Amino acid sequence: MTDFRRLSDTVWASPQISLEELAQAKADGFTSVINNRPDGEEEGQPSSAEIGAAAKELGLGYRYIPVTGGGMTPDKVAETVAALEEAEGPTLAYCRSGTRSTFLWSLAEASRGADPQDLVTAAAAAGYDISPIAAVLQGLSSEARR
């Protein structure tokens, strides 16, 4: 059963997806997938190579941007911005619970000038609390607007 949660008109977050859920994402109209979950984080999770191959077979764009103990680095934010800008339609980002994907999405959007409160509100509506990084979002958004 899918747990795709809408963050914006073009981006959804999800906990770990299976190969079957990837097919459902395609059927639901997604055109690309971002995998924020590092390989081997939990026994039995599909690998990036497996998800990437299945995505390609389905005609979906695929980006592997794993977030590990090193966190949400500026490079990860920039990779996410690029992935979102290259997407040709709705994007599904996933990790273990969807939280890292939501954090990374919000940082990417703030770095492009999105209103931080709008991001916090959208994440909350999807069931994710990004309020702990509200100040960081504000700083990124302010910098982008200069």
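Observations, loosely collected:
- Amide H contacts of V33 (H built 1.01 Å from N, under 5 Å, at least 5 apart or other chain): G61, Y62, R63, L92
- GluC sites (Glu not before Pro) within region 83-144, DSSP loop, no more than 15 other Cβ atoms inside 10 Å: E88
- Under-5 Å amide H pairs with G98, H placed in peptide plane, nonlocal only: Q16
- Protection proxy ranking, peptides 89-97, 134-142, 65-73, average beta carbon neighbours within 10 Å, highest first: 89-97, 134-142, 65-73
- Phi to ³J(HN,Hα) by Karplus 6.51 cos²θ - 1.76 cosθ + 1.60 over region 109-115, Hz, x for Gly, Pro: 5, 4, 5, 9, x, 5, 6
- Here, region 5-145 yields an orientationally averaged convex hull projection of 7.8 nm² when only Cα atoms define the hull.
We did not get these values from a lab; they are worked out from the coordinates using the rules stated. Since the model is a prediction, treat every value here as computed from it, not as a measurement. We place every Cβ from the backbone using ideal geometry, glycine too, and count neighbours over all the protein chains shown.
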